[in-house]
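Report on the following structure.
None of the figures in this text is laboratory data; all of them are computed from the coordinates on show. Keep in mind the model is a prediction, meaning the values are calculated, not measured. Using ideal geometry, Cβ is built from the backbone for each residue, glycine included, and neighbour counts are taken over all protein chains shown.
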Amino acid sequence: MDIDSNTLNSEPVNEVAESKNPVDDPFAYLNRHFSNEQFKIVLRNLPAYYGISEFKKLLNEKLKLNSRKIKQANRNARYAFICFRNEEERDNAIKVLTGYSWKGKTLEVVKAKPSADPFVIKRNQENNEDGNDVKKLKRENSPDNRSPEERVKESTTPLSDMPYEEQLKMKEDNIKRILEKLTKQLLHSSPELRLWITKQKSKNRGIICPVQNIEYATKIDGYRNKCEFSIGVNKDTKLPVVGFRLSSYACGSISVGPVDNLRHVPDEMKKICKIFENFVEHSKLEVFDPEMQCGHFRQLSVRLAKQQIMVIVGIHPQQLSPDELTEFKKNLVDFFSNGHGKDCGVTSLYYEIMVKKTSQNDYIPPEHLWGETHNYETILGLKFKISPEAFFQINTEAVEILYQTAVKLAEPSSNTTVLDICCGTGTIGLCFAKYCGQVLGVEIIAKAVEDAKENAVLNGIENSTFFVGKAEEMLGSVCYKSKNENIVAVLDPPRAGLHQKAILQLRKVKKIKRLIYVSCNPEAAFKNFLDLGRPESKTLQGEPFVPVKAVPVDMFPHTKHCELVILFERFDLVKEREAKLKEEVTEKEDVNDEVNNIE
């Protein structure tokens, strides 16, 4: 359940209040299944500025409180909610945190009520019932009379009715606004940096660096090579629907809309969704109900590659016996290999258990049932092995443009070591390999590093080495293994950006002079950009990196998302190059003067 504002002024609820009809009780879920919401506290008087990772480290590593879920109300709130697995852990946390001093603030703790079930509240409001009237739900939950097709299109491809040229212009303008904001914030830096930024602004229309025209692929429809479809029930026909969620559970919705009219979903995937709906309809198993936490069918994932289709069927096994699960898997294989599903052309079939995880160690990899074990994709002439759980850019044609852009900006040579941070399965680093002397990759997920090493062997690449570990802990030792003095770092982090400690480490490693940052969410990565460019301080050691070129790349047509590739350089390198250029201009002017005098 999501956080709800009325818990701030509440004492604990140990028992669910009685209701005339349990279906209408927004706290009835506490009796149906275990929830961390039963053992929740609110921590008040937090310091004004702190990072969530720093907060988690305080609670779980330093104070050993074993929190299960932490939820900040919002960025500026001075309180946060924390959930635990049992009453003993919650009471111990109250004892430890009460009066504890952190960053000059004395913390206050009270027990908090569980959050109400937002779906039940939404349903009660639609039925004109009180539903305990929890304030959070919500102005946005006014009745939506649009069809499921219209709603799912709005939530997934909101720009699909806009001409593509206008989409590109809108994304370009948005990228420029983000860089203008970065320019303004960096202007408060040291006098020397401020002077340079002011000159850059005058040359680049108010932006710290030149922004090239947006790059894009020719294929703008049906471009996704991977989709994770939810499985739900049409509330009118009561038949299964395989598609996308219309909204989140936190906003009071469990409905799923069809994908027939979505421009970014390939026709092959649409066909599989329709055919699989028939399988679900005639199965003995039920569709999973998020409210009651019962039923089985949850998700259908599809990955496409050239002449390959991988399908991963995700279910909640509930109380199914081993024999029942064996029968279900056999039926799946029969359906896609010999039955109605044969028309889908599936080449690889997996089964995945999808239950609520209680720790990081709960992950169960998908089970291979039939066909090939992997897909294979080709990028810039290289072949990549794609496992069911591997991260791979969802737009194959556009990713070639993205990686070519990164290589052009980096300008690597045989004397360059490319440091691939958050390397995943090695795609971007291996695409750099033929242009540079050495590739060193760092990735926290061990299975991804195994795939990266396999991909290097698959392509006969011998100048790459990949390491498992956190970037913030590994950067120094990995850079020590560089055969070259010239190191270019390439960052392609998750949507939220790179951990701040990794940014601090990047700045400390003096060998790294240039840096390519590939961001799929520039607004979320904005703090990274800012920390790279701030002047040196006790916290931010090392010469700052400043943006010198930026290129937007549209990886996601018909959506509001856009990738941004930025070339950062050490400020001292920028000054050195500009001084050299000025010297060359002066020498040229002197030569011209001498020629004019002779004439």
Q. Points 7 angstrom from Cα along the Cβ direction at residue 337 and residue 62: gap in nanometres?
A. 5.6
**Q.** Mean-position separation - Cα centroids, segment 477-509 and segment 349-410, in angstrom
**A.** 23
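Of 64/501; 235/274; 483/527, which sit over 26 Å apart, Cα to Cα? Write down the numbers at each step before the final one.
Numbers: 64/501 22 Å; 235/274 17 Å; 483/527 31 Å.
Beyond 26 Å between Cα atoms: 483/527.
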(Q) For a Förster distance of 51 Å, can you work out the FRET efficiency between the beta-carbons of residue 536 and residue 164, rounded to the nearest 0.05? (A) 0.70
Q | Long-range amide H partners of residue 370 with built H, under 5 Å | A | 349
Q) Can you list residues whose amide H is under 5 Å from residue 215's amide H, if they're 5+ apart or on another chain and H is modeled 1.01 Å from N? A) 553, 554
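My understanding is that a pair violates if its Cα-Cα distance is over 22 Å; which of 538/582; 342/385; 383/513; 57/470; 103/184; 306/434 do that in this structure?
538/582; 342/385; 383/513; 103/184; 306/434
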Q: At 7 Å along the Cα-to-beta-carbon direction for both residue 447 and residue 372, put a label point, then send me their distance in nm to one decimal.
A: 1.9
Q | Cα-based shape type of segment 193-284, given that a ≥ b ≥ c are square roots of the gyration tensor eigenvalues and the cut on a/c is 1.5 | A | prolate
Q: Mind listing the long-range amide H neighbours of residue 294? Cut-off is under 5 Å, sequence gap 5 or more, other chains count too, H placed in the peptide plane at 1.01 Å from N.
A: 289
Q. What list of ³J(HN,Hα) couplings, whole Hz, do you get for segment 319-336 from phi and the Karplus terms 6.51, -1.76, 1.60, once you set θ to phi - 60° and write x for glycine and proline?
A. 9, 5, 6, x, 5, 5, 5, 4, 5, 4, 5, 4, 4, 4, 4, 4, 4, 8
